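The values are calculated or read from the model by the stated rules, or taken from the named source; none is laboratory data. Everything quoted here is computed from the prediction, not taken from an experiment. Every residue, glycine as well, gets a Cβ built from its backbone with ideal geometry; the counts of neighbours run over all protein chains shown.
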Amino acid sequence: MGAVNLSKLFFPRKNYKLSFSVAVGVGYAHYKYDVRNQADNSKVADNTTYIDNKYNGQVRPVLLVADGKVLRYGAAVTNPVIISMEYNFSKPFAIGAKVHYRSYAKDNLEGVTYLNWNGVTNDYIGAGTIYLRYKIGSIKRDHLMNISTRDWEPEESLQQIAGLRGEMDAIKSKVEKVEKKVDAIIPRLDKLEAMISNIGPDSDNDGVIDIRDLDPNTAPNTAVDFHGRPLPIMISKSGDKTYSTNAGDEIPSVYFDFDKISLDDLALVTISKIAQRMQKDQSLLVEVRGYTDYLGDAAYNEKLSLRRAERVKKELVTVWGIEDGRIIANGKGKVIQPQVQYRPNRRCDFFFSNDIVDILNQ
């Protein structure tokens, strides 16, 4: 048997509490005759006859007979048709009414010949039913009788929106993860920026701001490293002149004449050591930091210190073939003490990548 909900067929995208449906089927019926006399309710005798006025007054047996035997059983193809109306007054319950109509492909359900129609015809049985339906599982989930095709099969646009919402949720999750990483990195970057900055109080006037100065009581004019720690002193000669230079890590600073950016022989030797170190370790980065002595305008000295750092970088790139991206040139302006022409302050210092990592881990 197959059923069609007419309400949902003609109005598929609407939800109505009142619905109409029709069901049609095909089946096999097997039945038994039990013919009784209407007067006393006794069984009709097998040899009972009657005069069939429909066929020229022939005498016929009352009971159905085949091959001289009274038939007691029958079989027929049957076609049921059911029309129903149902009112869904709540999610689990509905009240309805049905009309059942069944046809049988034989005209002998009564079991007697005198009640048969002329010719070949079918027997029919009809019934009316009023019922109360309980829809199992409809409280926890949508029941087919309670939803429309809009709910069962959403529109394409709604499906696309649902898909976009899923993608947006996935993107939101990724963004939240990135935000957490950024939130963890920002304090480290702030610390790094403060550590490498040359702006801030410098209590001992050694050119290293207090926030990264690990030796806040350095004596005046002492050569210091990035963290303000005193460096060993090496006496070097260039021509007929003698200079005190930084001997720390076997790589001294590069020194300049007053108001100059040119490199002398001693500076070229120092740069060669830097180049050899960077050629040996291809992952090494270096910051070249330029300074001036106290004399002169502050803005001019800022530019002069940067030009000195860029001159050293140019030498490393053009002469020694070090990649440009591995070298950072920064100008830090003038060193406050002493407030006279002072060669040790007219210099470029070198800070390698390992120094920066150490800063972050402090």
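What number of residues within the range 86-96 satisfy the criterion of being part of a strand (DSSP E or B) and among the hydroxyl-bearing types (Ser, Thr, Tyr)? Of the residues in that region, 1 qualify.
Taking the condition surrounded by 20 or more Cβ atoms within 10 Å (Cβ to Cβ) and modelled with pLDDT of 80 or more, does PHE256 pass? Spell out the reasoning first.
Details: surrounded by 20 or more Cβ atoms within 10 Å (Cβ to Cβ): yes; modelled with pLDDT of 80 or more: yes.
Considered against the rule, which asks whether it is surrounded by 20 or more Cβ atoms within 10 Å (Cβ to Cβ) and modelled with pLDDT of 80 or more, PHE256 comes out as yes.
The C-beta contact set for the range 36-61 (first residue closer than 14 Å to THR113 by Cα, second residue of a type in the set (Ser, Thr, Tyr) and assigned to a strand (DSSP E or B), distance under 9 angstrom, 6+ apart or interchain) comprises VAL59/THR49; VAL59/TYR50; ARG60/THR49; ARG60/TYR50; PRO61/THR49; PRO61/TYR50. Exactly one residue out of LEU266, LEU306, LEU284 is touching a residue at least 60 places away in the same chain (Cβ under 8 Å) and not β-branched (Val, Ile, Thr): that is LEU284. Within the range 331-344, the set of residues being crowded, with 17+ Cβ neighbours inside 10 Å and either of a type in the set (Lys, Arg) or free of Cβ contacts under 8 Å to residues at least 60 places away in the same chain (or both) comprises GLY331, LYS332, LYS334.
Among the numbered conditions (1) part of a loop (DSSP other than H, G, I, E, B); (2) at pLDDT 90 or above, the only one that LYS140 does not meet is (2). Being modelled with pLDDT under 90, out of contact with any Pro (no Cβ under 6 Å at 6 or more places or on another chain) and part of a helix (DSSP H, G or I), is that true of even one residue in the range 325-338? Yes. When the range 259-274 is limited to residues that are in a helix (DSSP H, G or I) and of a type outside the set (Val, Ile, Thr), the one that is surrounded by the most Cβ atoms within 10 Å (Cβ to Cβ) turns out to be ALA267. Annotation: of all residues in the range 4-42 being of a type in the set (D, E, K, R) and under 27 Å from THR78 (Cα atoms), the one that is surrounded by the most Cβ atoms within 10 Å (Cβ to Cβ) is ARG36. When the range 317-352 is limited to residues that are over 51 Å from the mean Cα position of the chain (by Cα) and of a type in the set (Lys, Arg), the one that is farthest from SER262 (Cα to Cα) turns out to be LYS334.
Filtering the range 38-85 to residues that are assigned to a strand (DSSP E or B), within 30 Å of MET1 (Cα to Cα) and over 60 Å from the mean Cα position of the chain (by Cα) leaves TYR73, GLY74, ALA75, ALA76. Among the residues of the range 291-316, those that are in contact with a strand residue (DSSP E or B) (Cβ under 9 Å, 6 or more places away or on another chain), over 12 Å from ILE261 (Cβ atoms) and not in a helix (DSSP H, G or I) comprise TYR291, ASP293, TYR294, LEU295, GLY296.
Per the listing LEU63, LEU9, the residue uniquely among the aliphatic types (A, V, I, L, M) and touching a Leu at 6+ places or on another chain (Cβ under 9 Å) is LEU63. Inside the range 275-306, residues that are of a type in the set (Lys, Arg) and surrounded by 15 or more Cβ atoms within 10 Å (Cβ to Cβ) make up a count of 2.
Among the residues of the range 94-128, those that are closer than 21 Å to ALA23 by Cβ and out of contact with any Ser or Thr (no Cβ under 9 Å at 6 or more places or on another chain) comprise ILE95, TYR101, GLY126, ALA127, GLY128. Can you tell me which condition ALA29 does not meet? The list is (1) touching a strand residue (DSSP E or B) at 6+ places or on another chain (Cβ under 9 Å); (2) more than 20 Å from GLY126 (Cα to Cα), and all the others hold. It fails just one condition, (2).
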